[in-house]
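Presented below is the structure to which this report refers.
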Amino acid sequence: MAAQSTYSLVFDSADTGVVQTGFNSVLNGLTTLCGSFWIKPNSTQVEGFPRVFQIDDAGDWSILLQGSATALRLLIHGIDVNGTLTADAWNHVGFRYVSASVFKLYINGSEVASGSTSGAISASGIIITAGGRTGGGRQMVGQLDDLALFSSDIGAANIAGIAGTVGVNG
């Protein structure tokens, strides 16, 4: 289990991450999903593809670090987009998957990538993990704070507003 530092979760690559189950009825069939979280990736990130956040164990909805502390990669329902984080500093990440067709990635309130896809979330065995994969492996090194998911479009202005607030204790 991840440690807690004041108000954020701390991951040291030795933990299995935080795992939550039972979201099938909530997520199944959604055509809009937005998210927001703060991340402070450690510059001593382990090799591989550490998971920051994942909605299913198959990796269809994953936010991961791509081989370094600063390369953020999102794989969401067939979309593969990238952004750059600052190591050893708090970064705000937001995403919008709207009407099962438009996807946008925001870092520190600014849109950095977008794509398009189709289809609703298919929830057969949904497992939400943060900081690693279900059953271990691919753990991140750093901190996460204020992870939130929304089943409605929160809009770019709200993501920028969240990014502009002091939402972390770092």
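The values are calculated or read from the model by the stated rules, or taken from the named source; none is laboratory data. It should be emphasised that the depicted structure is a prediction, and the values quoted were computed from it without experimental measurement. Here the Cβ positions follow ideal geometry from the backbone for every residue, glycine too, while neighbour counts run over all protein chains shown. Accessible surface areas use protein heavy atoms only, side chains included; no ligands, DNA or RNA. Shrake-Rupley method; radii C 1.70, N 1.55, O 1.52, S 1.80 Å.
Hey, among the residues in the range 70-89 that are under 20 Å from Gly109 (Cβ atoms), part of a strand (DSSP E or B) and out of contact with any Ser or Thr (no Cβ under 6 Å at 6 or more places or on another chain), which one's modelled with the highest pLDDT? Checking each candidate, the answer is Gly83.
When the residues of the range 67-95 are filtered to those that are under 15 Å from Phe49 (Cβ atoms) and among the hydroxyl-bearing types (Ser, Thr, Tyr), the one that is farthest from the chain's Cα centre (by Cα) is Ser68.
Taking the criterion of being closer than 16 Å to Leu33 by Cα, aliphatic (A, V, I, L, M) and modelled with pLDDT of 85 or more, the only residue of the range 99-121 that qualifies is Leu105. Is one or more of the residues making up the range 25-42 touching a Gly at 6+ places or on another chain (Cβ under 7 Å), open to solvent by less than 40 Å² (accessible area, probe 1.4 Å) and modelled with pLDDT under 85? There is no residue in the range 25-42 that is touching a Gly at 6+ places or on another chain (Cβ under 7 Å), open to solvent by less than 40 Å² (accessible area, probe 1.4 Å) and modelled with pLDDT under 85.
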